[in-house]
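A quick write-up on the structure given underneath.
Bear in mind these aren't lab numbers, they're just calculated from the coordinates by the rules spelled out. The shown structure was predicted, so the numbers you read here are calculated from the model rather than taken from an experiment. Reconstructed Cβ throughout: ideal geometry from the backbone, glycine too, with neighbour counts over all protein chains shown.
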Amino acid sequence: MHWSHFTRTVIFLSLIGPGIMGNILIFERHVHIIVMGAEKKPIDLILIHLAFSNITIICNIQIRDIATVFYFKNFLGDAGCKVVVFLGRMARGLSICTTCLLSMIQAVTINPRMTLWRKLKPQTAGQVLPYLLLFWMLNSLISSNLLFFITAVSPVNRSVVGAYAGYCYMAPSRLLVRWFFISLMALRDMVFQSLMGWSSVSMALHLYKHHKRVSYLHSSNVVNNSSPKIRATQSTLILMACFLFFYWVDFIFSFYIGSRVTRESIILFIKTFPDLSYAAISPFILISRNVHTAKYRRAQ
């Protein structure tokens, strides 16, 4: 193993280990609330789904890393390549959609003036299921081309540009088909990121107005009564900022790789970090929110 590959593996493990543990904690906590709790809130099911998507992303990257770093021949085969790459794109899409849903619900929760969106807000955990089903159907459609055009790298096609991390590659397809699926991905990202950005701005403005109101009133009761919602809103805003930052870093490197048709290992190495970083960091933002909320409840 080359030292560059060894360094890459060490860095990845430093994110993958805590990331998986953090997401498992979020997943287990909210599953326990859904199963055992008397009140099943929509936010619990959304966070379960987000944690599941993050775990899938992290495991997918780990499988790719194992296959690439250790040069396992025929590690996956055609069927394995199709499944791994398909699930990787699916999980990324589900993460975008679920993060957007979380942002929208939080924005509607703290802003009573959003009457139109309030009608669409799920009131129970069961009402979240149609949204999640829609996300799965949408992202299955967008990723369906991978099941037909992804194949395992072999001595015949090893030199083909467009390989996925050195073990799978996408076979050539018609230009119309290629642009159809690229357009679907672009449309999905544009719609959900626009909603995410709008809800984030709405929450930020609400927090700013709340801060000004509290500074004038100097009332401790006002601060305490709104503390859980404000902390939840702050956590959601941090999540949105992290997601948008890592998304655009990934977009810039993807555009560079696509335009330069490059397969430089350092560029591909850096490009892997955005998805992995968000999936590994996001559960600790949520855990921090839960800790603050628990302290507030005990203080009450």
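What is the sum of charges around Leu45, taking Lys and Arg as +1, Asp and Glu as -1, for the other residues whose C-beta is under 15 Å from the C-beta of Leu45?
Counting the neighbours of Leu45, the net charge comes to +1.
Tell me, what is the FRET efficiency for Val177 and Ser288 to the nearest 0.05, using R0 = 35 angstrom and their Cβ-Cβ distance as r?
With R0 = 35 Å, the Cβ-Cβ based efficiency is 0.20.
So if we plug the beta-carbon distance of Met36 and Leu134 into 1/(1 + (r/R0)^6) with R0 = 22 Å, what FRET efficiency do we get, rounded to 0.05?
For R0 = 22 Å, the calculated efficiency reads 0.20.
As a quick test, which of the pairs Lys41/Lys119; Lys119/Lys212; Lys121/Lys271; Lys40/Lys212 have an alpha carbon distance above 24 angstrom in this structure?
Lys119/Lys212; Lys121/Lys271; Lys40/Lys212
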